[in-house]
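Just dropping this structure here.
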Amino acid sequence: MTLPAARLVLHLELLPGILVLFGRIPAMGPEDAGTRNAVVLLSGGVDSATTLAIARRDGYRCHALSFRYGQRHAVELQAARRVADLLGAVGHRVLTVPIGQLGGSALTDEAIPVPRDRAAREMARGIPTTYVPARNTVFLAVALAFAEVVGADAIYIGVNAIDYSGYPDCRPEYIAAFQRVAALATRRAVEGTAPEIVAPLISMTKADIIRTGLALGVDYSLTVSCYDPDAQGRACGRCDSCKLRRKGFDEAGVPDPTVYRERDA
Ligand SMILES: [Zn+2]
């Protein structure tokens, strides 16, 4: 038995919507993107995945940018690749910028242990050893270069000043200062308008971030937050990032799809 052509077309038209419902394909493909370009810094975690979804919602053609900077594990770059695909980025570049060779961070130096089991009060105090010296400045500088090349009107970065770990380069003052750099340092700014540095999560709680991302079709099972995952990408459940993520999902009232390597972590 053959279906009439009209019915077949109807079914094919319904298919993307059905798949979106089940989180199988992006709510928007690259072909749905607008004409304005944005560079989106993508680490493969909750915040940057949500930021990419927001940039897509804002109508941008998104050029995702990730870095191989000497982080302990490659799983976050694999996560970034999956997230870029799911959320319909027009491209995903992974650049090697080996600032980890300078040392000075638990995220890049095996000799410095990743802090575990810290209470929220402790996290709110001081700058932890997981801070990578000047990382966001380096990443934003490269993003600015990429923005010049692709003609981007915006650079999206998923920094957050509420549920974060005390990093100095995640503060609103810092983003405002880098906006000044973008205005002074680029041909795009001299000949037209400087790329806007957009930090849509900066004053959101982790729970708000997660709710926003879910509404925009982010599949958080693809993301990796842990500072010290194993080779399979399973999270430790005990570092600051795991704890902030878990707290966010708890407060958002949705299940955390993270796979933890210790059942009682
Ligand atoms: Zn962890």
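Each reported figure results from applying straightforward, stated rules to the coordinates on display, with no laboratory input. Everything numeric here is computed off the predicted structure, so don't read it as measured data. Cβ atoms come from the backbone with ideal geometry, glycine included; neighbour counts cover every protein chain shown.
Estimate the FRET efficiency between R36 and V94 by the formula 1/(1 + (r/R0)^6), using the beta-carbon distance for r and 22 Å for R0, to the nearest 0.05.
Result of the calculation: an efficiency of 0.40.
Once both labels are modelled 7 Å past Cα along the beta-carbon direction, what's the A134-R261 spacing in nm?
The two pseudo-label positions are separated by 3.2 nm.
Also, quick follow-up: Counting Lys +1, Arg +1, Asp -1, Glu -1, what net charge surrounds G100 among other residues with beta carbon under 12 Å of its beta carbon?
+1
Would you mind ranking D228, D47 so that the residue whose beta carbon has the fewest other beta carbons within 10 Å leads the list?
Fewest-to-most ranking of D228, D47: D228, D47.
Order by neighbour count: L65, L140, fewest other Cβ atoms within 10 Å first, most last.
So the ranking, lowest neighbour count to highest, is L140, L65.
Here is a follow-up. Could you give me the ³J(HN,Hα) list for the range 201-211, computed from phi with Karplus coefficients 6.51, -1.76, 1.60 and θ = phi - 60°, whole Hz, x at Gly and Pro?
Calculated HN-Hα couplings, in order: 9, 4, 10, 9, 6, 4, 5, 4, 4, 5, 4 Hz.
Take every Cα pair under 8 Å in the range 105-173 that's 6+ residues apart, average their separations, divide by the length, and report that relative contact order as a whole percent.
About 34 percent, as a whole number.
Taking the simple approach of a point 7 Å from Cα along Cα-to-Cβ for both E191 and K247, what is their distance in nm?
Label at E191, label at K247, 4.6 nm between them.
Between I162 and Q101, what is the spin-label point distance in nm, taking each point 7 Å from the Cα along the Cα→C-beta axis?
Between I162 and Q101, the label points sit 4.0 nm apart.
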